[in-house]
Structure formats: structure tokens, C-alpha cells
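Heads up: the structure comes next, in C-alpha cells.
The values are calculated or read from the model by the stated rules, or taken from the named source; none is laboratory data. Predicted model only: the values in this text are computed from it and were never measured. Every residue, glycine as well, gets a Cβ built from its backbone with ideal geometry; the counts of neighbours run over all protein chains shown. For accessibility, only protein heavy atoms count, side chains too; no ligands or nucleic acids. Shrake-Rupley method; radii C 1.70, N 1.55, O 1.52, S 1.80 Å.
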Amino acid sequence: MTVRDLLAIKEFKVAVEGDMDLPVSCGYMGDLLSVVMGYAEEESAWITIQSHVNIVAVATLRGVSAIIIAHGFEPDEDTVETAKEENITILTTELNPFEAAKKLVEFGL
Amino acid sequence: MTFDYIVDPTEPERAGRASTKFKGVLKELGVSPKVIRALSIAMYEGEINMVIHANGGNIHCEVDADKIRVIMKDSGPGIPELDKAMKPGWSTASTQARELGFGAGMGLPNIKKWSDNLVVETEVGVGTTLTMEFNLT
């Protein structure tokens, strides 16, 4: 499964189109950046409610394939800019984190 | 080869810049992805600590044939209870820092976990220097 495949989930919308060909092999949920940094797996789809620019640094450094911002939160302007620079995909969803995770599971992740 | 970075405390949301830059340098040097990942995670945590606790600082990186050394030096408040700070989950971060998703009490534990060697020199009222090493062989 790649980041592009996740677009088939109709509740997910693209905020930043990064490298869509990156593989997605697992998921992670978390809003404490250091915990995500310590424990998220590479190739994760990472669900969070954080929307400020540091999520891009965490995703880039940790090797997360895509960020999914839940609960209808929108990424800050500089988050969008930095994600574009770093080629990181950001999806948004109105779903809460648990429901978003369920979608990923139902989708086969 | 050496590389130096300054961590600017006035833009806490920009923390991670030095780690991201150095990560790019290591990629160009052909360092293995495994080492790059470990190093950038540890260095990022150090950078965050500098921003949320220590009013910024300086980072000096040395790339040798067999190891990379990252020295992160600040003139912050120092760490009064280092043994506690090394334990996952223990944190003195401000509410503001926590709202940004920092201050989970995972900074130093993550650095210890991802580096091959870590030395913490700290003195209350003087500052903290972290020296972390990553083996290339």
C-alpha cells in the first residue's frame, strides 16, 4: 500500500501532496511528539491532532510516510509550506483519531 | 569534517531545523540510513530540549571515519535531577510546551536509546552539554 492508495478513503482529504509513492505498512496514533519520535514505525501513516510545523520535522526524521490530521483540525500555514519543502503528504479528516484509525484498518492496513 | 549549528530559541515551532539540515548532509555523505535515522532522532530531541528548557544553544558535529559525534551545548538552567530526567515520562516542561506536544518526558530517554554513547554534563545555573556518539562501523 502506498500513500496514494489512502486517497481511496473518502473521509480523508489532501492538504499537502508529498511523495505519494512512499509505502505505508503500518499506523501510529499520538500527539506527544517525543513519544511518536521514539515509537512510531517507519512507513507509518501517523494520525495526530497536532497541526503545527513540528509534525513535519517528526515525520521527516522518523521516516513516517504520511501525516493524517484528525478531528477537522487544519495544518498551519507554515506546516503546509514546510511539508511541501520536505515532500511529506498531509491528509486531513473530520473523523476523530479512533475513527480515522478504524478506516485505515478497514482499508487493510 | 565538522559542522556547526545555532539553535534559535525565539521560534520554538521551528526546532528541528538543525537536525533536518544535518540529516541532509549525512545523506550526501552516504552515511547508512539506519545511522542517519538514529542520529536525527537523538539530535532532534536535543534541539527541542534546548528550545523549551535552555533558551537555545550551539551544536557541533564531527564526522570521523568510524563515528559521528554530536555535541549540544547550552547555557540554560542545568538539570538538577539528572537521574529523574533520564527516566521516561518525567518532565518539567511548561504547559505551553506541552500543548505543542513536547514535554512528554521522553527527550533524554530517546537520546539515550538512539545513541551508541551519551555523556551528559550539567550544572545548575551554568548549563548542559550533551555529547552523543554514533558508530559508523
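Between A:VAL58, A:VAL35, A:VAL24, the Gaussian network model of chain A with springs among Cα atoms under 10 angstrom shows the greatest mean-square fluctuation at A:VAL35. Between chain B and chain A, the total buried accessible area stands at approximately 1800 Å², from heavy atoms with a 1.4 Å probe. Along the stretch B:58-72 the Karplus relation, 6.51 cos²θ - 1.76 cosθ + 1.60 evaluated at θ = phi - 60°, assigns HN-Hα couplings of 10, 10, 10, 10, 10, 9, 10, 5, 10, 7, 10, 10, 10, 10, 10 Hz to successive residues, with x for each Gly and Pro. Across peptide B:38-49, the average count of Cβ atoms from other chains found within 10 Å of a residue's Cβ is 3.
Taking Cα centre as origin and charging only the Cβ of basic (Lys, Arg, +1) and acidic (Asp, Glu, -1) residues, the dipole magnitude of the protein assembly as shown rounds to 480 debye.
Centre-to-centre, using Cα atoms only, the stretch B:1-16 and the stretch B:108-126 are separated by 18 Å. Of the GluC sites (Glu not before Pro) found in the stretch A:1-63, those in coil by DSSP whose Cβ has at most 14 other Cβ atoms within 10 Å are A:GLU11, A:GLU41, A:GLU42.
Mean-square fluctuations from a GNM of chain A, with a 10 angstrom spring cutoff on Cα atoms, peak among A:LEU33, A:LEU61, A:LEU95 at A:LEU61. Within the full protein context, the accessible area of A:MET29 is estimated at about 90 Å² for a probe radius of 1.4 Å. Report summary: the helix-based calculation at 222 nm, which adds -39500 (n - 2.57) for every DSSP H run with n ≥ 4 and divides by the residues of chain A, gives -10000 deg cm²/dmol. Over the residues of chain B, the helix contribution to mean residue ellipticity at 222 nm works out to -11000 deg cm²/dmol, using -39500 (n - 2.57) for each DSSP H run of at least 4. Going by accessible surface with a 1.4 Å probe and the largest first, A:CYS26, B:CYS61 read A:CYS26, B:CYS61. Surface composition of chain A: carbon and sulfur make up 50 percent of the accessible area, probe 1.4 Å. Accessible surface of the stretch B:1-69, 1.4 Å probe: 50 percent of it comes from carbon and sulfur atoms.
Shielding of peptide A:35-41 by partners, expressed as the average count of other chain Cβ atoms within 10 Å per residue Cβ, is 5. With labels modelled as points extended 7 Å from the Cα through the Cβ direction, what inter-label distance (nm, one decimal) is found for B:GLU99 paired with A:PHE98? With each label placed 7 Å out from Cα toward Cβ, I get 2.6 nm. Solvent exposure of the protein assembly as shown amounts to 46 Å² per residue of accessible area, where only protein heavy atoms count and the probe is 1.4 Å. Annotation: peptides B:24-35, B:89-100, B:110-121, ranked by per-residue average of other Cβ atoms within 10 Å with the highest first, follow the order B:110-121, B:89-100, B:24-35. Here the alpha carbons of the stretch A:1-108 define both size measures, Rg and Dmax, at 11.9, 32 Å.
Using θ = phi - 60° in the Karplus curve 6.51 cos²θ - 1.76 cosθ + 1.60, the 3J(HN,Hα) couplings for the stretch B:120-135 round to 10, 10, 9, 9, 4, x, 10, x, 9, 10, 9, 10, 10, 10, 10, 6 Hz; x is entered for Gly and Pro.
Using a Gaussian network model of chain A in which every pair of alpha carbons under 10 angstrom is joined by a spring, one finds that among A:THR89, A:THR48, A:THR60 the greatest mean-square fluctuation is at A:THR60.
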